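Quick notes on the structure that follows.
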Amino acid sequence: MITDYDVHLWTIPIEFRCSLYLFLVILGSARLQTKFRWLVVGGVTWFTYRNSRWEFTLFLAGFFLAELDHIRGAHIPQSPLPQDEKDVKKSNSQLKSFFWGLASILALYLMCQPDGRGEITPGWIWLDSQIPVWWGEERFRYWQGAGAILFVLSVGFSKTWQKFFNTGIVQYFGKLSYALYLMHGPAMHCVGYHFEAWAYSVTGVEGYWFNAGWCLGACFCIPTVIWWADIFWRAVDIPTVKFGRWVETKFSIKP
């Protein structure tokens, strides 16, 4: 799906539609016992998957992952343990860390499924042949979606990944991510392609000089996109969120 404003924003209507779909499923299953809710939502997930609706399937998978974290108390601080129990827990933690580390590597590999010609790409020939014949969407959505689910699941259990994603620079780009998404198109069309044209005029486009020109242009394009996104985040995104919260406090019922 392509919008009339910016081709890069094609995911927004999909995310909006899937959000409404997910909210409806949550409302419809909220008062069920956990085992029955999982059964019902699992059936809905299978229905969407069997009909090749990869976007709905991913949103519903997020529901399962969030509820799994809630059930196992992933966000509740743990009470201190005796020393002997700490040693056992440390040993188990190392094994779990190794397992989820391997799982995350597999997930990253699956997310790298090529967009085209997977049937002849080394390392992907067998996996491509395992895509069900009834899968009606783009073939690259199949393993990329599975990899995304597995990676989020792995991060939920991996302390190493959690430490990485909680570093300052990653947290900054997490806050900036939506602004990057919105602004990278305008930034590239306004000034980015001029940087690229200048870079290729310096390096040429023959052989590996094309790669060198791409890298030279990226040295200017990437900082520009980040700068524009930072300005949008501070000048538009943050004030908009604050305004939305202010409106909520004025119109919502006080507890």
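Miscellaneous remarks
- Residue ID - most open to solvent (accessible area, probe 1.4 Å), chosen from residues in region 1-20 that are at pLDDT below 95 and among the hydroxyl-bearing types (S, T, Y): Y5
- The one condition in (1) closer than 28 Å to L110 by Cβ; (2) crowded, with 18+ Cβ neighbours inside 10 Å that F232 fails to fulfil: (1)
- Residue identified as modelled with pLDDT under 95 and under 25 Å from P77 (Cα atoms) among S154, S158: S158
- Residues that are in a helix (DSSP H, G or I), surrounded by 12 or more Cβ atoms within 10 Å (Cβ to Cβ) and of a type in the set (G, A, S) within region 139-171 comprise G145, A146, G147, A148, S154, G156, listed in sequence order.
- Qualifying residue in region 174-194 (condition: open to solvent by 60 Å² or more (accessible area, probe 1.4 Å) and assigned to a loop (DSSP other than H, G, I, E, B)): no
- Residue check for L127: more than 21 Å from F56 (Cβ to Cβ) and modelled with pLDDT of 95 or more: yes
For every residue, the table says whether it meets (1) over 19 Å from E67 (Cα atoms); (2) more than 21 Å from the chain's Cα centre (by Cα); (3) not basic (K, R).
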{"residue": "V7", "(1), (2), (3)": "yes, no, yes"}
{"residue": "L24", "(1), (2), (3)": "no, yes, yes"}
{"residue": "T34", "(1), (2), (3)": "no, yes, yes"}
{"residue": "G43", "(1), (2), (3)": "no, yes, yes"}
{"residue": "R50", "(1), (2), (3)": "yes, yes, no"}
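- Single unsatisfied condition, V133 versus (1) of a type in the set (V, I, T); (2) surrounded by 12 or more Cβ atoms within 10 Å (Cβ to Cβ); (3) under 25 Å from Y49 (Cα atoms): (2)
- Index of the failed condition, G204 passing every other in (1) open to solvent by 40 Å² or more (accessible area, probe 1.4 Å); (2) over 22 Å from W10 (Cβ atoms); (3) not β-branched (V, I, T): (1)
- Pairs where the first residue, in region 39-55, is touching a residue at least 60 places away in the same chain (Cβ under 8 Å) and the second is assigned to a helix (DSSP H, G or I) and among the basic types (K, R), C-beta under 6 Å, 6+ apart: W54/R141
The values are calculated or read from the model by the stated rules, or taken from the named source; none is laboratory data. Here the structure is a predicted model, which means the values were calculated and not measured. Note that each Cβ is placed from the backbone with ideal geometry, even for glycine, and that neighbours are counted across all protein chains shown. Quick note on the areas: whole protein, heavy atoms, side chains included, nothing else; ligands and nucleic acids left out. Shrake-Rupley method; radii C 1.70, N 1.55, O 1.52, S 1.80 Å.
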